Structures are given as C-alpha cells and as structure tokens.
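A short worksheet on the structure shown next.
The values are calculated or read from the model by the stated rules, or taken from the named source; none is laboratory data. What you see is a predicted model, and the numbers here were worked out from it, not measured in a lab. Every residue, glycine among them, receives a Cβ derived from its backbone with ideal geometry; neighbour counts consider all protein chains shown.
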Amino acid sequence: MRELLAAREQWLTVFRLPAYAPDLNPAEGVWAHLKKTLANLAAGTTDQLAAHTRTRLKKMQYRPALLDGFIAETGPILTHHDRSPRSKDLSTGKKPS
C-alpha cells in the first residue's frame, strides 16, 4: 500500500484515520445525505432502488461543494492550493513514517 500511495503522491492525498472513527469518516455524511434523498421514494423492486441509488450518487459526484462539505464536517482543514503533507494521521496529527 505504501508503494501504491508513493506512486500517486502527485494527485492523491491520504488521511489516515483511527481504526474506528465514524465521526471522522466523510462517507458517513454521504450515506446520510443519500438516505434523506431516498426517504420518500417508493421503489417497487430492489433493482429500482439500486438504480435510484446509483443515480443519486452520480449526481453527488458533480457537486464538489457538497462533497467538500462532507469532508469539512469531519474536522480536517483542507485547502486546494496546498495539499502538503500528502498523508497525515488524524489520530495523532503526525505524518506517518
């Protein structure tokens, strides 16, 4: 994994999280938002539900401000112009060795 991350250092920023920290996981916000958008949906089949879910996730993909909000909600301060250090352990605040 370290080799893979090192090879993509130019465009990939990694934040190392504690083993269990749902409040630091931006995916929790994504799923909460998705569930709200599906709340009043009456899908007839699981295939229809899966299609609606894929559509809504795809729409989120084109809303960078929304996605940035999910990350901001977790607490780390990110700036688009300065992405160093490339990797930071959020449980300790230090760059891994």
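For residues that are exposed (fewer than 13 other Cβ atoms within 10 Å of the Cβ), at pLDDT below 85 and hydrophobic (A, V, I, L, M, F, W, C), tally how many sit in the stretch 21-44.
1
Residues of the stretch 9-25 being closer than 14 Å to I71 by Cα and charged (D, E, K, R), which ones?
Result: R16, D23.
What number of residues within the stretch 10-25 are in contact with a Ser or Thr (Cβ under 9 Å, 6 or more places away or on another chain), under 14 Å from T74 (Cα atoms) and outside any loop (DSSP other than H, G, I, E, B)?
Here the count works out to 4.
Can you tell me how many residues in the stretch 58-68 are loosely packed, with under 14 Cβ neighbours inside 10 Å and either under 14 Å from A27 (Cβ atoms) or not hydrophobic (A, V, I, L, M, F, W, C) (or both)?
Looking only at that region, the number is 7.
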